[in-house]
1. Starting from the Cα of Val49, step 7 Å along the direction of its Cβ; do the same at Arg36; then give the gap between the two resulting points in nm.
2. In the chain, carbon and sulfur make up what percent of the accessible area (probe 1.4 Å)?
3. If the label point is 7 Å along Cα→Cβ of Met26, which residues in region 36-70 have backbone nitrogen under 13 Å from it?
4. So what is the relative contact order of the chain, in percent, for Cα pairs below 8 Å that sit 6 or more residues apart?
5. How far apart, in nm, are two points set 7 Å out from the Cα along the Cα-to-Cβ line at Ala56 and at Thr16?
6. For the chain, what is the convex hull volume of the alpha-carbon atoms per residue, in Å³?
7. What is the angle, in °, between the Cα long axis of helix 2-30 and the longest principal axis of the Cα atoms in the chain? Nearest 10 is fine, range 0 to 90.
8. Cut-off under 22 Å on the C-alpha distance; same-chain residues fewer than 8 positions from Lys45 excluded. Which lysines are left, in chain and number order?
Amino acid sequence: MRGILFTGITFGVFMTEAIIHYNMGMSKVDGKFRLRLPPPDELAKIAAVTGVFSLASGMMIRGIEQRLLK
């Protein structure tokens, strides 16, 4: 259960960071920064990449935790 919690929190933080980075890139094109969601297909790609890295992060935390608690 703890791993799911870590993964979920990591996903939320990473996804927020990814949306901010998306908006930073868009501000270079538009000339002004504003918060907005990317189009659905781009949002799905961002969520997929973020999800993979969140799962990897959760698995690494679990593995390290198990090794340290032995």
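1. Reported label-point gap for Val49 and Arg36 is 2.0 nm.
2. 71
3. Label zone hits: 36-44.
4. Dividing the mean separation by the residue count of the chain yields 47 percent.
5. Between Ala56 and Thr16, the simple spin-label model gives 2.2 nm.
6. Dividing the Cα hull volume of the chain by its residue count gives 85 Å³.
7. Compared with the principal axis, the helix lies near 20 degrees.
8. Lys28
The values are calculated or read from the model by the stated rules, or taken from the named source; none is laboratory data. Keep in mind it's a predicted model, so treat the numbers as computed, not measured. Note: ideal-geometry Cβ built from the backbone for every residue, glycine included; neighbour counts use all protein chains shown. Accessible surface is based on the protein model in full, side chains and every heavy atom, while ligands, DNA and RNA are left aside. Shrake-Rupley method; radii C 1.70, N 1.55, O 1.52, S 1.80 Å.
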